[in-house]
Structure formats: C-alpha cells, structure tokens
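Shown next, in structure tokens, is the structure this report addresses.
The values are calculated or read from the model by the stated rules, or taken from the named source; none is laboratory data. The shown structure was predicted, so the numbers you read here are calculated from the model rather than taken from an experiment. Virtual Cβ from ideal backbone geometry, glycine too; neighbours counted across all protein chains shown. Side chains included, ligands, DNA and RNA excluded: accessible areas come from the protein's heavy atoms. Shrake-Rupley method; radii C 1.70, N 1.55, O 1.52, S 1.80 Å.
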Amino acid sequence: MMHKTRPVRLNFNGKPVVLGGGRLAVIAGPCSIESREHLLETARGVKAAGATFLRGGIYKMRTAPTSFQGIGESALGFVSEVKREIDMPLVSEVTDPRQISDIADHVEMIQVGSRNMYNYELLKELGRLKKPILLKRAFAATVDEWIKAADYVVKGGNEDVLLCERGIRTFEPTTRNTLDLNSVAYLKAHTSFPVIVDPSHGTGRPELIGPMSLAAVGAGADGLIIEVHPRPKEALSDADQALDFAQFTDIIAKVSAVARALGREIGTQP
Ligand code: PEP
Ligand code: MN
C-alpha cells in the first residue's frame with residue numbers, strides 16, 4: 001500500500017515550484033548564511049551542480065551558547081536580492097515565533113529545526129501561515145510523535161508540511177546521528193506528506209553523504225537537503241559535514257542517475 005503524496009506548491013520569481021510532485025528536489029546551501037557574498041557564491045556553486053532550491057540558516061539553534069548563532073536580521077537586507085539574481089527559492093529556519101513576521105517575506109519555505117519539533121506554540125503559529133513548513137524530526141522523536149507535530153501545523157490551517165528525516169540519536173557514536181531510512185519508507189506508505197532527507201546532519205560525515213543520498217532516493221524520498229560551503233573548513237557552523245562544490249557535484253550526478261533508473265528526475269518544476 002502506498003499513500004498518495006500531496007504535493008506542496010509555491011510560486012517563485014513568477015514560476016511554479018512543486019515539492020513532492022514526483023520529481024526529486026535537491027535543496028542545498030550553507031548551514032549558516034555568513035554574508036551576502038558567501039550566499040551568492042554558494043548559490044552559484046550549488047545551482048551549477050543541479051540544485052534547484054537553496055538552504056541557509058539565518059537564525060541558528062546551537063548546542064553551545066558560545067557557538068555562532070547566525071547573522072540574524074542583517075541577512076534580511078540581501079537574501080531577496082540574491083535569490084532573484086540566482087533564481088532559486090530559499091528555505092530557512094525560525095527558532096522563535098517572534099521571528100516569523102520578519103522572515104516570512106524573505107523565504108519561500110520555513111524550517112522547524114530538530115530542537116523545536118516539540119515547540120507546539122511555534123507549530124500552532126506556523127499553522128496560521130500561508131507558507132510551506134519543512135518540519136525536521138527531533139533527534140529522539142518517534143515517527144508517531146513527528147507526525148503528530150506535523151498535525152499541529154495542519155490543524156492550524158496550513159496543510160503545506162514536508163517532513164525532514166535528519167537522523168536520530170542512537171547508541172552509535174561513529175556517526176553524528178543515525179539516518180533512519182525506515183521512517184522515509186514508512187511515511188511514504190502511510191502518510192501524504194512529502195518527505196525530504198538530510199544526509200548531512202544524518203551522518204555528520206562528508207564521505208557518507210553520497211551513499212546515504214542514493215539510499216534515500218531508493219527509499220522513496222521526495223527530496224534531499226544537503227549542506228555545501230565554498231570552503232568547508234571555514235564554515236562558521238557544521239564545518240565537519242559541509243561538502244565542497246566538487247564533492248556536491250559528484251554526488252548530484254550519481255543521485256540523478258539513480259533517480260533516472262527509478263523513472264524520476266531531479267527538479268522542482270511541475
Ligand atoms: C540545520 O539544518 O542546519 C540544522 C540545525 O538542522 P537540525 O535542526 O536538523 O539539527
Ligand atoms: Mn547545520
């Protein structure tokens with residue numbers, strides 16, 4: 001039994017963008033947006049490799065209060081211009097309900113981070129928004145808790161929710177998290193939410209991102225979200241897992257071949 005996926009549609013630069021409509025979305029960009037030039041350079045690199053949707057943190061939720069917290073509001077002065085120039089929509093995270101009104105006009109999709117999956121007041125607030133929500137799985141959430149979190153957004157009136165598997169915490173310390181591809185196959189079979197896989201946080205290791213991207217496509221994912229940095233060692237957050245352009249380009253070529261073998265194509269056009 002396969003549940004039919006309900007595609008999420010939006011408009012960007014006068015063109016329709018569809019996620020979960022049969023094509024494979026490739027969302028890529030830095031963990032954190034560091035400056036206008038950094039976003040532009042990264043966007044150019046990932047677009048050349050075949051990505052169609054941009055990611056980039058404006059507000060970050062970091063485990064340590066001393067870690068870089070994102071450039072915040074100062075990004076709002078240039079993200080719209082960069083997106084237009086590069087012709088790619090953007091997904092970025094809100095870490096607090098008070099940021100929603102500031103960021104909503106500058107992004108095409110709002111990410112709820114793993115650490116906020118249980119923030120039900122935030123989810124209720126996003127339910128009132130007319131904007132797709134990328135809901136990441138909390139690192140110790142069961143699939144059932146994750147679906148119920150998505151239901152909070154839907155119940156508020158916003159049906160445009162995508163679920164993002166980003167790895168869970170297990171007894172295994174070799175990888176940053178354990179990417180749970182069971183959840184992907186399960187969600188595709190039993191729910192209608194589009195499913196996106198994040199092999200960057202799911203593994204924390206650049207050499208595993210390619211293999212797990214291919215596995216995610218095989219498991220039926222509607223898209224991938226991958227961290228890329230022009231110079232990974234210099235990244236202000238998640239430097240250890242960021243891919244450079246050459247690594248990303250190589251992975252996307254393989255992802256495209258696997259997608260084609262399964263009768264699919266990379267893209268977000270209808
Ligand atoms: C991120 O996408 O950079 C991020 C912080 O992810 P997560 O919430 O899954 O840890
Ligand atoms: Mn990150």
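Would you mind finding the one in 9, 23 that is touching a strand residue (DSSP E or B) at 6+ places or on another chain (Cβ under 6 Å) and open to solvent by 10 Å² or more (accessible area, probe 1.4 Å)? None of the other options fit; the residue is 9. Total residues in region 213-237 satisfying the condition of being touching a strand residue (DSSP E or B) at 6+ places or on another chain (Cβ under 6 Å) and within 16 Å of ligand 1 (Cβ to nearest atom): the figure is 10. Only a single item in (1) more than 20 Å from residue 163 (Cα to Cα); (2) surrounded by fewer than 24 Cβ atoms within 10 Å (Cβ to Cβ); (3) of a type in the set (Ser, Thr, Tyr) is not met by residue 42, and it is number (2). Figure legend. Inter-residue proximity from region 166-187: first residues without any contact (Cβ under 8 Å) to a residue 12 or more places away in the chain, second residues assigned to a loop (DSSP other than H, G, I, E, B), beta-carbon distance below 8 Å, spacing 6+ or different chains. Indicated pairs: 170/177. Among the residues that make up region 95-106, is at least one of them within 16 Å of ligand 1 (Cβ to nearest atom), of a type outside the set (S, T, N, Q) and closer than 20 Å to residue 62 by Cα? Yes, region 95-106 contains a residue that is within 16 Å of ligand 1 (Cβ to nearest atom), of a type outside the set (S, T, N, Q) and closer than 20 Å to residue 62 by Cα. Among the residues of region 192-228, those that are farther than 23 Å from residue 260 by Cβ, open to solvent by 10 Å² or more (accessible area, probe 1.4 Å) and outside any helix (DSSP H, G or I) comprise 192, 193, 204, 205.
Would you confirm, using the coordinates I've provided, whether residue 67 is within 16 Å of ligand 2 (Cβ to nearest atom), touching a Lys or Arg at 6+ places or on another chain (Cβ under 6 Å) and within 21 Å of residue 33 (Cα to Cα)? No: the conditions fail for residue 67. Of all residues in region 84-109, those being in contact (Cβ under 8 Å) with a residue 60 or more places away in the chain and open to solvent by 10 Å² or more (accessible area, probe 1.4 Å) number 3.
A single entry from 33, 27 fulfils the requirement of being within 15 Å of ligand 2 (Cβ to nearest atom) and farther than 14 Å from residue 234 by Cα: 27. For residue 74, are the conditions met, namely being more than 16 Å from ligand 1 (Cβ to nearest atom), part of a helix (DSSP H, G or I), of a type in the set (Gly, Ala, Ser) and open to solvent by 50 Å² or more (accessible area, probe 1.4 Å)? Considered against the rule, which asks whether it is more than 16 Å from ligand 1 (Cβ to nearest atom), part of a helix (DSSP H, G or I), of a type in the set (Gly, Ala, Ser) and open to solvent by 50 Å² or more (accessible area, probe 1.4 Å), residue 74 comes out as yes. Answer yes or no as to whether residue 187 is more than 13 Å from ligand 1 (Cβ to nearest atom), of a type outside the set (Lys, Arg) and open to solvent by less than 20 Å² (accessible area, probe 1.4 Å). Judged against the criteria, residue 187 is a match.
Only a single item in (1) open to solvent by less than 10 Å² (accessible area, probe 1.4 Å); (2) within 16 Å of ligand 1 (Cβ to nearest atom) is not met by residue 259, and it is number (2).
When residues in region 157-184 are screened for being in a loop (DSSP other than H, G, I, E, B), open to solvent by 40 Å² or more (accessible area, probe 1.4 Å) and farther than 22 Å from residue 23 by Cβ, 8 of them pass. Restricting attention to region 31-54, the residues that are charged (D, E, K, R), in contact (Cβ under 8 Å) with a residue 60 or more places away in the chain and in contact with a helix residue (DSSP H, G or I) (Cβ under 9 Å, 6 or more places away or on another chain) add up to 1. In region 46-61, the residue that is farthest from ligand 2 (Cβ to nearest atom) out of those that are open to solvent by less than 40 Å² (accessible area, probe 1.4 Å) and farther than 23 Å from residue 11 by Cα is 59. The selection criterion, being crowded, with 17+ Cβ neighbours inside 10 Å and farther than 19 Å from residue 27 by Cα, holds for residue 122.
The one condition from (1) β-branched (Val, Ile, Thr); (2) part of a strand (DSSP E or B); (3) open to solvent by 30 Å² or more (accessible area, probe 1.4 Å) that residue 66 does not meet is (2).
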